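What follows is a short report on a single structure.
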Amino acid sequence: MDLHTLLPPAPLLLAFLAAALVLAITPGPGVAYIVTRTLGQGRRAGLASVAGIALGNLANAVAAALGLSSLLAASPLAFAVLRYAGAAYLVWLGLQLLLRPPAVQDPAAAPASRGQVLRQGILVSLLNPKTTLFFAAFLPPFMQAPAAPMAQALALGTLFVLIAAASDTAYVLLATALAPGRLREGAVRGRRVVALVYIALGLVAAFGGGRAPRA
């Protein structure tokens with residue numbers, strides 16, 4: 001199967017890339033862990049934490065792809081319901097950011113080897129219950145007929161993981177160059193933009209998007 005059959009048409013793909021980029025830079029548990037490790041142990045530990053978070057995200061993407069494929073095979077109607085539920089979830093995330101801005105956390109991180117940092121990064125990602133749910137909500141609006149749903153979800157999920165890894169690497173570089181206070185200020189400033197992106201993406205998922213892929 002050609003790669004272009006696994007990805008949505010150019011306009012929808014550009015929307016996916018833009019949304020993925022903005023959502024990837026949203027500060028969360030993974031970013032907090034990466035920045036903390038970088039500030040505490042340096043760039044190499046920060047990059048090891050990026051690798052760990054990426055591996056955990058990839059596992060979550062695979063789990064979401066398997067779940068979406070099974071759901072679509074069982075019931076196209078259930079897949080449609082999931083699309084609207086996912087849209088509502090994304091809008092809810094945006095409203096949370098607007099109405100109750102999360103504090104920028106600085107979790108304590110004891111010194112650890114790069115192997116330990118990698119394994120802890122995987123756990124930080126895997127043990128975040130919102131991650132798989134996020135993939136399940138984020139991918140359906142960009143899945144198109146006639147490609148196989150599992151292959152599409154894996155392709156889009158992997159693409160998102162790569163974008164997130166690049167964004168996390170940028171956080172490592174920023175953390176080595178900027179003071180922690182300036183990082184916090186930038187995160188707080190950007191939360192409203194990110195919130196609006198969540199809400200807009202939820203509306204696109206509910207009222208836009210393409211045809212559901214065939215089971």
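Some observations on this one:
- Enumeration of residues in region 46-62 that are buried (at least 24 other Cβ atoms within 10 Å of the Cβ), more than 13 Å from L123 (Cα to Cα) and within 15 Å of the chain's Cα centre (by Cα): A61
- Every residue from region 1-49 that is of a type in the set (V, I, T) and in contact with a helix residue (DSSP H, G or I) (Cβ under 7 Å, 6 or more places away or on another chain): V22, I25, T26, V31, I34, V35, T38
- Number of residues in region 1-35 that are modelled with pLDDT under 80 and closer than 17 Å to V172 by Cβ equals 5.
- Scanning region 76-110 for residues that are at pLDDT below 70 and either surrounded by fewer than 17 Cβ atoms within 10 Å (Cβ to Cβ) or touching a His at 6+ places or on another chain (Cβ under 6 Å) (or both) gives P76, A78, A80, R100, P101, P102, A103, Q105, D106, P107, A108, A110.
- For region 139-149, a tally of residues being out of contact with any helix residue (DSSP H, G or I) (no Cβ under 6 Å at 6 or more places or on another chain) and at pLDDT 75 or above returns 1.
- From the list V117, V172, V161, V124, the one residue that fits, being assigned to a helix (DSSP H, G or I), in contact with a Pro (Cβ under 8 Å, 6 or more places away or on another chain), at pLDDT 75 or above and among the hydrophobic types (A, V, I, L, M, F, W, C), is V124.
- Test result for A65, within 23 Å of P149 (Cβ to Cβ), at pLDDT 80 or above and either aromatic (F, W, Y) or crowded, with 23+ Cβ neighbours inside 10 Å (or both): yes
- Take the conditions (1) surrounded by 14 or more Cβ atoms within 10 Å (Cβ to Cβ); (2) modelled with pLDDT of 75 or more; F134 misses just one of them, which is (2).
- Considering the conditions (1) of a type in the set (A, V, I, L, M, F, W, C); (2) at pLDDT 75 or above; (3) farther than 19 Å from G202 by Cβ; (4) buried (at least 16 other Cβ atoms within 10 Å of the Cβ), A166 is excluded by exactly one of them, (4).
The values are calculated or read from the model by the stated rules, or taken from the named source; none is laboratory data. For clarity, every value in this text was computed on a predicted model and none was experimentally measured. Cβ sites come from the backbone with ideal geometry, for glycine too, and all protein chains shown count toward neighbours.
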